[in-house]
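Presented below is the structure to which this report refers.
The values are calculated or read from the model by the stated rules, or taken from the named source; none is laboratory data. Just so it is clear, the model here is predicted, and its values are computed rather than measured. FYI the Cβ positions are ideal-geometry reconstructions off the backbone, even for glycines, and counts take in every protein chain you see. Protein only, heavy atoms only, side chains kept; ligands, DNA and RNA dropped before computing areas. Shrake-Rupley method; radii C 1.70, N 1.55, O 1.52, S 1.80 Å.
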Amino acid sequence: MNIIIIEDEFRAAKSLQNLISDLKPDSKILGVYDSIETSIESLKDIKPDLIFMDIHLSDGLSFEIFKSVEITCPVVFCTAFDQYMLDAFKSKGVDYVLKPFSKEDIAEALRKVDELKKFFQKNDLPDLEFIIQKMNQPAGKSNFLVFKNQKYTTIPTEDIAYFYIHNEITHLVTFTKEQFPLTQPLGQVAEQVSDKQFFRVNRQYLVNFKAIKEMEHYFQRKILVKLTIETPEKLLINKEKTHSFFTWLEDR
């Protein structure tokens, strides 16, 4: 089996190469490409049997590749958690692996490709416009089930201003200042919500982009974040995390 890898993260690409070689020693890696441009150029000349493809590349979304070259082989998408993308891929029969992936994930993906290969023909490629449209929607969990005053209710994630830890319990706070305790630890909540919409400013707080009002410099090169609603404590970002925070603010 001839395989190409389209991945702009060096470690992820190297890990994929090693895992594929280990799981399918008779396969051949024809090339590793880190951009839309280089991928398009390579696919004009070579016809792989399988492609492992990251979604976010350095020069845009990898779906652009499909618009420039004809791809008739199966594609296994490598992506971070996104419920809309995964649903779209599943409905079209294209497999995916979640980052960070394991050997078992790649083995399962290869098994599915072997089983479904006959279905991966030109007319069975994903609906790219549909996926791109969904990519622009906030990813992650759409609501949280909460319990308060002997009643259960659901809170839409878009209505949540921030999550925070109090007395070792995670709480969510809405833009209307309602507060509900959760059973999940804050780390698990952070994995469930969209990393485009929420940022963990420190160990205690996970905040919604829409809730951020302004920022200012603070002592010891920290950043003080102010939200549209009050928080029990000052939201401080240490200097080590400042760069990633401002990158997150700009990446939308």
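Tell me which residues, restricted to region 13-25, are among the aliphatic types (A, V, I, L, M), farther than 14 Å from Ser35 by Cα and either touching a strand residue (DSSP E or B) at 6+ places or on another chain (Cβ under 9 Å) or open to solvent by 90 Å² or more (accessible area, probe 1.4 Å) (or both). Even if it seems obvious, please write down each step before you answer.
So the first thing to find is which residues in region 13-25 are among the aliphatic types (A, V, I, L, M), and the list is 13, 16, 19-20, 23.
Filter once more, so that each one left must be farther than 14 Å from Ser35 by Cα: 16, 19-20, 23.
Matches in region 13-25: Leu16, Ile20.
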The residue from Lys117, Lys90, Lys112, Lys99 that alone is modelled with pLDDT under 90, closer than 24 Å to Asn18 by Cα, among the basic types (Lys, Arg) and in contact with a Phe, Trp or Tyr (Cβ under 9 Å, 6 or more places away or on another chain) is Lys99
So in region 149-164, with the set limited to residues that are in contact (Cβ under 8 Å) with a residue 40 or more places away in the chain and part of a strand (DSSP E or B), which one is farthest from Val225 (Cα to Cα)? Ile160
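Residue by residue, here is whether (1) of a type in the set (S, T, N, Q); (2) out of contact with any Gly (no Cβ under 8 Å at 6 or more places or on another chain) holds:
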site: Ala190; (1), (2): no, yes
site: Asp195; (1), (2): no, no
site: Asn202; (1), (2): yes, yes
site: Ala211; (1), (2): no, yes
site: Glu214; (1), (2): no, yes
site: Thr231; (1), (2): yes, yes
site: Ile237; (1), (2): no, yes
site: Thr247; (1), (2): yes, yes
site: Glu250; (1), (2): no, yes
Do you know which of the residues in region 157-198 that are farther than 21 Å from Lys213 by Cα and among the acidic types (Asp, Glu) is farthest from the chain's Cα centre (by Cα)? Glu168
Taking region 186-229 and keeping only residues that are hydrophobic (A, V, I, L, M, F, W, C), in contact (Cβ under 8 Å) with a residue 60 or more places away in the chain and either crowded, with 19+ Cβ neighbours inside 10 Å or closer than 17 Å to Thr247 by Cβ (or both), one is left with Leu227
Within the bounds of region 10-27, is there any residue that is within 25 Å of Ser142 (Cα to Cα), in contact with an Asp or Glu (Cβ under 9 Å, 6 or more places away or on another chain), at pLDDT below 95 and not in a helix (DSSP H, G or I)? no
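In region 155-178, what residues are of a type in the set (S, T, N, Q) and either modelled with pLDDT of 95 or more or farther than 27 Å from Glu233 by Cα (or both)? Show your work before the answer.
Start the filter on region 155-178 by keeping residues that are of a type in the set (S, T, N, Q), which leaves 157, 167, 170, 174, 176.
Thr157, Thr170, Thr174, Thr176 - these are the residues of region 155-178 that are of a type in the set (S, T, N, Q) and either modelled with pLDDT of 95 or more or farther than 27 Å from Glu233 by Cα (or both).
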Does region 33-52 contain any residue that is among the aromatic types (Phe, Trp, Tyr), open to solvent by less than 40 Å² (accessible area, probe 1.4 Å) and under 21 Å from the mean Cα position of the chain (by Cα)? yes
